Amino acid sequence: MAVTRFHPTAAPTTMTTELNISVQAKGWDAVSDVEAVVRRAAEAALASKIVADKLPPESEAAIVLADDAFVQTLNRDYRGKDEPTNVLSFAALDGEDIAPPPGEPVELGDIIIALETVLAEAEENGKSPTDHLSHLTVHGMLHLLGFDHMEEEEAEIMEAAERNILATLNISDPYA
């Protein structure tokens with residue numbers, strides 16, 4: 001597991017987010033330096049202007065690189081869909097205004113990404129696995145920060161944020 005303390009450059013120096021990245025499935029070596037790819041994408045999301053007002057001064061998030069079977073179990077148990085999906089986000093606050101104990105970081109939540117689905121979608125859409133994984137990491141981080149895509153207007157806002165963040169990583173529009 002890799003733990004990184006990230007200090008967004010666009011925010012006051014007192015803001016930090018700890019990223020706990022865990023590779024739980026074999027096969028993620030299909031993405032070169034996978035933990036660095038995930039960290040870079042998560043940090044880009046955290047550094048973006050659109051999330052600046054949503055990011056607590058001290059926070060932490062977990063990103064788990066799993067396999068389809070693990071994600072399918074979570075998807076079935078928590079969403080009632082007995083199939084794998086590419087990424088699941090479990091926001092810890094989910095709109096609630098819960099303050100952590102003094103001196104403790106705010107838990108943003110967990111992101112779980114499914115290996116086989118990511119690789120299949122990347123191939124199917126002619127994208128590199130690295131770019132697709134970066135997109136899903138950004139997508140998951142935005143969910144942890146309160147973004148959603150259930151309604152058309154919300155989806156437009158979230159997709160625009162994803163495009164802008166991915167552009168900072170030199171990744172083309174995933175929706176084009």
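Considering only residues in the stretch 117-176 that are touching an Asp or Glu at 6+ places or on another chain (Cβ under 7 Å) and of a type in the set (Asp, Glu), the one that is farthest from Trp28 (Cα to Cα) turns out to be Glu154. Looking across the stretch 101-144 at every residue that is surrounded by fewer than 18 Cβ atoms within 10 Å (Cβ to Cβ) and at positive phi, the one that is nearest to the chain's Cα centre (by Cα) is identified as Gly126.
A single member of Ala25, Ala42, Ala36 is under 12 Å from the mean Cα position of the chain (by Cα) and modelled with pLDDT of 95 or more, and it is Ala42. Checking Val87, Val106, Val64 one by one, the residue that is in contact with a Pro (Cβ under 7 Å, 6 or more places away or on another chain) and in contact (Cβ under 8 Å) with a residue 24 or more places away in the chain is Val106 and no other. In summary, helices (runs of 4 or more DSSP H) completely within the stretch 79-176 and bearing 2 or more residues that are modelled with pLDDT under 95 occur at 129-144, 152-168.
Checked against (1) under 16 Å from Asn86 (Cβ atoms); (2) aliphatic (A, V, I, L, M); (3) in contact (Cβ under 8 Å) with a residue 12 or more places away in the chain, Ala161 meets all criteria but (1). Would you be able to tell me the number of residues in the stretch 23-69 that are assigned to a helix (DSSP H, G or I) and closer than 15 Å to Asn164 by Cβ? Count: 9. Considering (1) farther than 23 Å from Leu169 by Cβ; (2) in contact with a strand residue (DSSP E or B) (Cβ under 8 Å, 6 or more places away or on another chain); (3) among the β-branched types (Val, Ile, Thr), the lone condition that Val64 does not fulfil carries the number (1).
The residue pairs whose first member lies in the stretch 133-144 and is under 18 Å from Asn170 (Cβ atoms), whose second member is at pLDDT below 95 and surrounded by fewer than 24 Cβ atoms within 10 Å (Cβ to Cβ), and whose beta carbons are closer than 6 Å, counting only pairs six or more residues apart or on different chains, are His135/Pro174. When Thr16 is tested against (1) surrounded by 14 or more Cβ atoms within 10 Å (Cβ to Cβ); (2) farther than 22 Å from Leu166 by Cα; (3) more than 16 Å from the chain's Cα centre (by Cα); (4) at pLDDT below 90, just one condition goes unmet, and that condition is (2).
The values are calculated or read from the model by the stated rules, or taken from the named source; none is laboratory data. Please read these numbers as outputs of a predicted model, since none were measured by experiment. Note that we place each Cβ from the backbone using ideal geometry, even for glycine, and neighbour counts take in every protein chain shown.
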